[in-house]
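> Here it is: the structure, laid out below.
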Amino acid sequence: RRLEVAAMALALGEGGGSRLRRQLESGGFAAGEYVKQLSQQSDGDRDLQEHRQRIQALSEETAQSLKRNVYQNYRQFIETAREISYLESEMYQLSHILTEQKGIMEAVTQALLLQADRDDPTLGARRAAAADPFLPLSAKEAAANEEGRQRTLTTLLEKVEGCRDLLPESPGKYLVYNGDLVEYDADHMAQIQRVHAFLMNDCLLVATALPNRRGAYRYDALYPLDGLAVVNVKDNPPMKDMFKLLMFPESRIFQAENAKIKKEWLEVLEETKRNRALSEKRRLEQEALPRPAPTPPESTNPFEEDEDEEEEEPSAEEEVVDLSLEWIQELPEDLDVCIAQRDFEGAVDLLDKLNEYLGDKPVSQPVKELRAKVDERVRQLTDVLVFELSPDRSLRGGPRATRRAVSQLIRLGQSTKACELFLKNRAAAVQTAIRQLRIEGATLLYIHKLCHVFFTSLLETAREFETDFAGNNGCYSAFVVWARSSMRMFVDAFSKQVFDSKESLSTAAECVKVAKEHCKQLSEIGLDLTFIIHALLVKDIKGALQSYKDIIIEATKHRNSEEMWRKMNLMTPEALGKLREEMRSCGVGNFDQYTGDDCWVNLSYTVVAFTKQTMAFLEEALKLYFPELHMVLLESLVEIILVAVQHVDYSLRCEQDPEKKAFIRQNASFLYETVLPVVEKRFEEGVGKPAKQLQDLRNASRSMRVNPESTTSVV
């Protein structure tokens, strides 16, 4: 009976599951009504929980089914995406081929038309009259068309406020196309304003609508067609029907009302630019053609005719510069496109090509006009390259990040400016790197980081400078000046952390040693700045030496004031062994002869402490030593030693007790015969030459030992 009930429940569950699935999948399913009905029909919380579990199980089953379907079709998705990518590449190649074919056909057509015009001069006029209603054949029609164009331009000037002075009424200027557009922000694609664009045969005028005045506009911008580039913007819903206008140093994005108007704008802009370039090309050709020589007056003297012919020969043979080449005609526009696309190498390549072509050609009026247009682009390119090297740009990437802009400036013949901007950029980078260092932990650890950052940056900058300015020897002096100023910035940060914070002399000596070791790395590239760091640090090191000297003198005087002239009792053999090791490290090799039985030392505490402190000062000072500090170090040593010598001299003269006097003489012997020679020897080893002042001091002490009862002071 129980098995029958379980089977029936399972069957009902399965049937209920299928009914529940159909109910949830129905198009008119209302969740609110379903829950309300379920709550009314349920007997209690248990029924609701069971129903919830069935819905949850159905949800998990549906998710698993979707996942299986995705896994089954995943390979097909990948293959389809790959085929789409291949198809897109082929379509791009096909579009490129069609564009090239179109350009070739247009070039052939223009060449044929030009040849036909040369064969029949009247043919060009007849063709232009048939194709262009504004180019009539008769004088009457010409006057009528000219008057119509002038009226159109006058109407335009009346509609747009503020453009009358910027857009003079000149003959031959006429309106080609106009219409409403919406301008968008190039970065965030947010709508800015509604504008009305007027395309004329030589420029594009952009005006904004005046509020509360229908059909009236205010001048916004005027762009010559020679420096204007038009780029189609791919539709990306909801942003569609857009095109971009590039004119250095800015770009603007406009949206047309629909795709048809956008297409008209793109076509009419390209056609007007092409007609403008063609008319300019024809004008240059006419100017480049040699003018026929005037017919000389009849003369009865045959020799005069021969002279005239000889004078006319040079003008007939004068070389004519051919500026009708397609790449020359399109050069200004190509330069604008390269600058807008940040193709600096391509722009400089075009300039080099033009300079090579015009290198040995005479400077005629058309050449001067072409040079004027190109020089304007050169200034624009220079401004962009200067901005690339400005410290306002991102300083990441190291010195190599500036190589592109520097190399192009050098190719433009502006190596001095490139050098100046490169060094300013690197100075800002080094300064930023130093500022970003966190001052934490021990001073020596910070100095290690500071030296690593600074000298690594200096080394990388020097190597990059050698690479970029290899052929410009005149720039190396500027680099040396820059290196000195950078070293001054480093020393400021170094001194602020080491000397201004009143660190101990040992810490200062270790920090200076680290800086010197890093500075020696520059010798890898033949650059030695050790003398610069010495010159910049000499003032701070002098102050540190004098300050520490004063501390030792004060401590010695304090101990002298409490001197009792008693032997030292170290109490334990370990303490005696430690003192022996300390004195041995100070250079005192005969210290054992001053030790007594057990743990006694036959020297006073004052003399032993003075010896250790003086030798420690000398060792740390020698780490800081360079020639500019020779006299400062020597005078400091003499002052310190004189304090002890004067104290011993005074004690010998004043002490009356024979035993204490003998003990004082023993300490004086240790001071004169052991300590002073050790100081003199260590100083000579560290400096490289003997010190006369220390020798004189030792000789004076010898004379005092010969006549111990003398009242003459060593000083």
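The values are calculated or read from the model by the stated rules, or taken from the named source; none is laboratory data. Everything numeric in this text was worked out from a predicted model, so none of it was measured. Virtual Cβ from ideal backbone geometry, glycine too; neighbours counted across all protein chains shown. The area values use the complete protein model at the heavy-atom level, side chains included, leaving out ligands, DNA and RNA. Shrake-Rupley method; radii C 1.70, N 1.55, O 1.52, S 1.80 Å.
> State all residues of the stretch 425-477 that are open to solvent by 40 Å² or more (accessible area, probe 1.4 Å) and of a type in the set (D, E, K, R); if no residue qualifies, say none.
435, 438, 440, 449, 460, 463, 466
> Moving on to the next point. Tell me, yes or no, whether the stretch 206-229 has at least one residue that is closer than 30 Å to residue 279 by Cα and modelled with pLDDT of 90 or more.
Yes - at least one qualifying residue is present in the stretch 206-229.
> Now, a different point. Can you confirm whether the stretch 514-524 contains a residue that is open to solvent by 70 Å² or more (accessible area, probe 1.4 Å), in the same structural domain as residue 427 (by the TED database) and within 27 Å of residue 421 (Cβ to Cβ)?
No: zero hits.
> Let me ask something else. Looking at the stretch 404-424 only, could you name the residues that are open to solvent by 30 Å² or more (accessible area, probe 1.4 Å) and small (Gly, Ala, Ser)?
Scanning the stretch 404-424 gives 407, 413.
> If you don't mind, there's one more thing I want to ask. Evaluate the following for residue 500: is it modelled with pLDDT under 90, at positive phi and open to solvent by 40 Å² or more (accessible area, probe 1.4 Å)?
The answer is no for residue 500.
> Same structure again: Just for the stretch 547-579: of the residues that are in contact (Cβ under 8 Å) with a residue 60 or more places away in the chain, open to solvent by less than 30 Å² (accessible area, probe 1.4 Å) and touching a Phe, Trp or Tyr at 6+ places or on another chain (Cβ under 8 Å), which one is farthest from residue 628 (Cα to Cα)?
So, considering only residues that are in contact (Cβ under 8 Å) with a residue 60 or more places away in the chain, open to solvent by less than 30 Å² (accessible area, probe 1.4 Å) and touching a Phe, Trp or Tyr at 6+ places or on another chain (Cβ under 8 Å), the one farthest from residue 628 (Cα to Cα) is 565.
> I would also like to ask the following. Take the stretch 336-362 and flag every residue that is open to solvent by 50 Å² or more (accessible area, probe 1.4 Å) and of a type in the set (Asp, Glu).
343, 345, 349, 352, 356, 360
> Given 186, 209, which one is under 15 Å from residue 245 (Cβ atoms), open to solvent by 20 Å² or more (accessible area, probe 1.4 Å) and in the same structural domain as residue 259 (by the TED database)?
186
> Determine whether residue 507 is without any contact (Cβ under 8 Å) to a residue 60 or more places away in the chain, touching a helix residue (DSSP H, G or I) at 6+ places or on another chain (Cβ under 8 Å) and open to solvent by 20 Å² or more (accessible area, probe 1.4 Å).
no
> With the condition kept exactly as written, say whether any residue in the stretch 605-618 is open to solvent by less than 10 Å² (accessible area, probe 1.4 Å) and under 45 Å from the mean Cα position of the chain (by Cα).
no
> Within the stretch 27-59, track down each residue that is open to solvent by less than 60 Å² (accessible area, probe 1.4 Å), modelled with pLDDT of 75 or more and outside any helix (DSSP H, G or I).
30
> Out of 679, 675, I need the residue that is closer than 29 Å to residue 531 by Cβ, over 48 Å from the mean Cα position of the chain (by Cα) and of a type in the set (A, V, I, L, M). Which one?
Answer to the selection: 679.
> Criterion first (more than 53 Å from the chain's Cα centre (by Cα) and either modelled with pLDDT of 65 or more or within 16 Å of residue 274 (Cβ to Cβ) (or both)) does residue 116 satisfy it?
yes
> Hey, another quick one. Hand me the list of helices (runs of 4 or more DSSP H) wholly inside the stretch 287-387 holding 2 or more residues that are at pLDDT below 85 and more than 26 Å from residue 421 (Cα to Cα).
Fully inside the stretch 287-387 and qualifying: 302-316, 326-329.
> In addition: Just the residues that are exposed (fewer than 12 other Cβ atoms within 10 Å of the Cβ) and under 34 Å from the mean Cα position of the chain (by Cα), please, taken from the stretch 233-247.
Once the filter is applied, which keeps residues that are exposed (fewer than 12 other Cβ atoms within 10 Å of the Cβ) and under 34 Å from the mean Cα position of the chain (by Cα), the stretch 233-247 yields 234, 236.
> In the stretch 527-546, what residues are open to solvent by less than 60 Å² (accessible area, probe 1.4 Å) and either within 28 Å of the chain's Cα centre (by Cα) or among the hydroxyl-bearing types (Ser, Thr, Tyr) (or both)?
Result: 527, 529, 530, 532, 533.
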